[in-house]
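Notes follow the structure.
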Amino acid sequence: MTESVNLPAGFEDLAPYAAVWGSLETQEERYLQRQHSTMKDLKAYYDATAPRLNAIFDHLDQFPMDALPDSEALLYRTALGLTETAMAIEVFNQPRVPYAPFPHKMAIEWNEYR
Amino acid sequence: MANLSEHMTKARDMGLDNGRVPVEYYTSADYFRREQDMIFRRAWLMVGRVDEVPEPGDYIVRDLPTLKASVVIARGKDGKVRAFHNACSHRGVALVCQERGNAMTFRCPYHAWVYRIDGSLSAIPAEQDFPHVDKATSGLAPIHLDSWAGFIFLNFAQEPEATLPQFLAGLDQMLEGAPFEQFPFCIRVTDEIDCNWKNLVNAFNEGYHVAILHSKTLRPAVVPKENPHLHYLDVKHFGPHSAGTVQRNFDYNPQAPALTWVYAQMLPTSAPDIAAIEEGRAGFYEHPGINRLKIPNFGTETITIFPNISIQPLANGYLFYQFWPINEGRMRTEVRIYSRHAPRTLREEYAMASTLAATRDVVVEDMAMSRLQQIGFESGGKTHQQFGQNEPLLRMFTRDYEAYLQGKGMGQP
Ligand code: FES
Ligand SMILES: [Fe+2]
């Protein structure tokens, strides 16, 4: 799906991270991706996106949240990976929650939402 | 707070024994069977919120692994919420197959017996072949239901030994008017894990582990210098239920850019809304039953409802945890994060996803430890575990657990 969709202008350099995180649709998938990533990859992704959260959301703010164009939707999904990656980089200093089984899946349901 | 240590309730202050508790309670299949019969078939069990079925015809289906029960909870035309076993009166099929919906009738997919939303049987195809079936008494099997503060409780006994208010034993009065209904939006996280359910109940009933197990997640935000073992303060008990006050670090100032960014977008459920507290408009924080000591760095009141619920009201929402045994060595954890509203912007949605990940990771730490604990228990080298003076609620839970297994507990002394 990411083949035909490009990131919005100004965010093209995030393409390598969009290839990994931009195809994930749910928090469960992002949690698993984090667990299967190396710290090196997580750090590179974090360094590229975390300082740009404001720029990313300033751009996304121009669109209705329920009708993001494909490029913006890809950018948003790419940014969402940071919700998991920040836990690895800023909190645990490792991809997985210490002592947890691996891989660890947890079902998440946003009640009657979207 | 002149002297905080005065409010650090110790087991001896509550006259609690149970400093040594048999590991067998946590590993034996026989104890699990007794728990099913003597606790989960007798106590009132929380299964949802009335606002999950707001309109007549709204229904939800819940499965309760402990009792292998499939339950339909439905609001009738008359506005009344009822619960039934999801089992057809003909030959038993669990006929309601959607997890939620709105309907005025339920039609069994096997032979099309039809039930009304109030559970009564309305039609039998080829009815002449069932002359022995009295339609008036062959509806879906009802389950006793009552609600408190918008929480739906079920009781699986033929006749409950106590009403829900009797069961709640004053906890309901302490929390009278607490604004749970202001936080209708919920994210639910569930997981099954290999440990006894009581390991998790215990983990939520003491703060002793917070600075250690949660050293990277919770400790910086909640463990204050003056209470390094995060002793619960002002422990209140109501029959087998309890509440204890927990502090947090208001000077916590995360230096981590991505998490800090989240804090700036939206008030995450678990962050203190200092401005709101000062203006006295901060949801639960104004309630007289919560933070009775009026400690300035109030974090949460951790509320335990026997046998398997922990509720933590926060500045801008509340956390709800429930622990269901599947057998003696396996359990299901359900975490619900309640907030004021669904995200209205992408920034809020991102912030909520981030808060969800952070909250989940803390519970994952508790579950990971509970699993290691089970491995240790089952290894068989120890016959007992030890509960300290600083773990009064673990001793209290054990006291009431033993009482229930002996047929007491429900209002009886
Ligand atoms: S089992 Fe339901 S109609 Fe036969
Ligand atoms: Fe914990």
Test for B:THR304: is it modelled with pLDDT of 95 or more, more than 22 Å from A:VAL97 (Cβ to Cβ) and within 16 Å of ligand 2 (Cβ to nearest atom) = yes
Could you please give the count of residues in the stretch B:362-389 that are over 15 Å from B:TYR25 (Cα atoms), surrounded by 19 or more Cβ atoms within 10 Å (Cβ to Cβ) and away from every other protein chain (no Cβ under 11 Å)?
-> 0
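For the stretch B:3-26, state whether one or more residues are within 19 Å of the chain's Cα centre (by Cα) and of a type outside the set (Asp, Glu). Steps first, answer last, please.
Kept after step one, since they are within 19 Å of the chain's Cα centre (by Cα), are these residues of the stretch B:3-26: none.
Among the residues of the stretch B:3-26, not one is within 19 Å of the chain's Cα centre (by Cα) and of a type outside the set (Asp, Glu), which makes the answer no.
Go through A:PRO101, A:PRO95 for me and flag whichever is part of a loop (DSSP other than H, G, I, E, B), at the interface with chain B (Cβ under 9 Å from one of its Cβ atoms) and of a type outside the set (Phe, Trp, Tyr). Walk me through how you get there before you give the answer.
Values: A:PRO95 fails: at the interface with chain B (Cβ under 9 Å from one of its Cβ atoms).
The match here is A:PRO101.
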Go through the stretch B:75-97 and count every residue that is surrounded by fewer than 18 Cβ atoms within 10 Å (Cβ to Cβ), among the hydrophobic types (A, V, I, L, M, F, W, C) and either under 17 Å from B:ILE143 (Cα atoms) or within 11 Å of ligand 1 (Cβ to nearest atom) (or both).
-> 2
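Looking only at residues that are part of a loop (DSSP other than H, G, I, E, B), among the hydrophobic types (A, V, I, L, M, F, W, C) and closer than 16 Å to B:VAL72 by Cα in the stretch B:98-125, which one is nearest to ligand 1 (Cβ to nearest atom)? Break it down into steps so the answer makes sense when it comes.
First, the residues of the stretch B:98-125 that are part of a loop (DSSP other than H, G, I, E, B): B:98-99, B:103-104, B:108-113, B:117-120, B:124-125.
Okay, now just the ones that are also among the hydrophobic types (A, V, I, L, M, F, W, C), so B:103-104, B:108, B:112-113, B:117, B:124.
Going one step further and asking which of them are closer than 16 Å to B:VAL72 by Cα, we end up with B:103-104, B:108, B:117.
Values: B:ALA103: 16, B:MET104: 18, B:CYS108: 3, B:ILE117: 17 Å.
This residue is B:CYS108.
Name the single residue that is most open to solvent (accessible area, probe 1.4 Å) among those in the stretch B:351-361 being touching a residue at least 12 places away in the same chain (Cβ under 8 Å) and at the interface with another protein chain (Cβ under 7 Å from one of its Cβ atoms).
Within the stretch B:351-361, the first condition is being touching a residue at least 12 places away in the same chain (Cβ under 8 Å), and the residues that meet it are B:351-352, B:354-356, B:358-361.
Remaining after also requiring at the interface with another protein chain (Cβ under 7 Å from one of its Cβ atoms): B:354, B:356, B:358, B:360-361.
Working: B:SER354: 6, B:LEU356: 1, B:ALA358: 31, B:ARG360: 6, B:ASP361: 0 Å².
Only one residue fits best here, namely B:ALA358.
Looking at the stretch A:66-91, which of its residues are within 30 Å of B:GLN255 (Cβ to Cβ), open to solvent by 20 Å² or more (accessible area, probe 1.4 Å) and facing another protein chain (nearest Cβ under 10 Å)?
A:ILE89, A:GLU90, A:VAL91
Return the total of residues in the stretch B:178-195 being of a type in the set (Asp, Glu) and either open to solvent by less than 10 Å² (accessible area, probe 1.4 Å) or more than 14 Å from chain A (Cβ to nearest Cβ) (or both).
The first filter runs over the stretch B:178-195 and keeps only residues of a type in the set (Asp, Glu), leaving B:181, B:191-192, B:194.
The next check asks that each one be either open to solvent by less than 10 Å² (accessible area, probe 1.4 Å) or more than 14 Å from chain A (Cβ to nearest Cβ) (or both); those that pass are B:181.
Looking only at that region, the number is 1.
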Residues being surrounded by fewer than 21 Cβ atoms within 10 Å (Cβ to Cβ) and either of a type in the set (D, E, K, R) or touching a strand residue (DSSP E or B) at 6+ places or on another chain (Cβ under 6 Å) (or both): count how many of those fall in the stretch B:205-226.
-> 5
Can you tell me which of B:LEU175, B:LEU164, B:LEU145, B:LEU121 is open to solvent by 20 Å² or more (accessible area, probe 1.4 Å), out of contact with any Pro (no Cβ under 7 Å at 6 or more places or on another chain) and away from every other protein chain (no Cβ under 14 Å)?
-> B:LEU145
Only residues that are surrounded by fewer than 17 Cβ atoms within 10 Å (Cβ to Cβ) and either in a helix (DSSP H, G or I) or within 12 Å of chain A (Cβ to nearest Cβ) (or both): list them for the stretch B:51-74, please.
-> B:ASP51, B:PRO54, B:PRO65
Does B:ALA221 satisfy the condition of being modelled with pLDDT under 90 and among the small types (Gly, Ala, Ser)?
-> yes
Scan of the stretch B:148-157 for residues that are among the aliphatic types (A, V, I, L, M), touching a Lys or Arg at 6+ places or on another chain (Cβ under 7 Å) and surrounded by 17 or more Cβ atoms within 10 Å (Cβ to Cβ), ordered by number | B:ILE152
Regarding A:ASP61, is this residue among the charged types (D, E, K, R), more than 10 Å from chain B (Cβ to nearest Cβ) and surrounded by fewer than 17 Cβ atoms within 10 Å (Cβ to Cβ)?
-> no
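The values are calculated or read from the model by the stated rules, or taken from the named source; none is laboratory data. Only a predicted model underlies this, so the values are computations on that prediction, with no experimental measurement involved. Neighbour counts are summed over all protein chains in view; Cβ atoms, including those assigned to glycine, are modelled from backbone coordinates with ideal geometry. Keep in mind that these areas ignore ligands, DNA and RNA; they rest on the heavy atoms of the full protein, side chains included. Shrake-Rupley method; radii C 1.70, N 1.55, O 1.52, S 1.80 Å.
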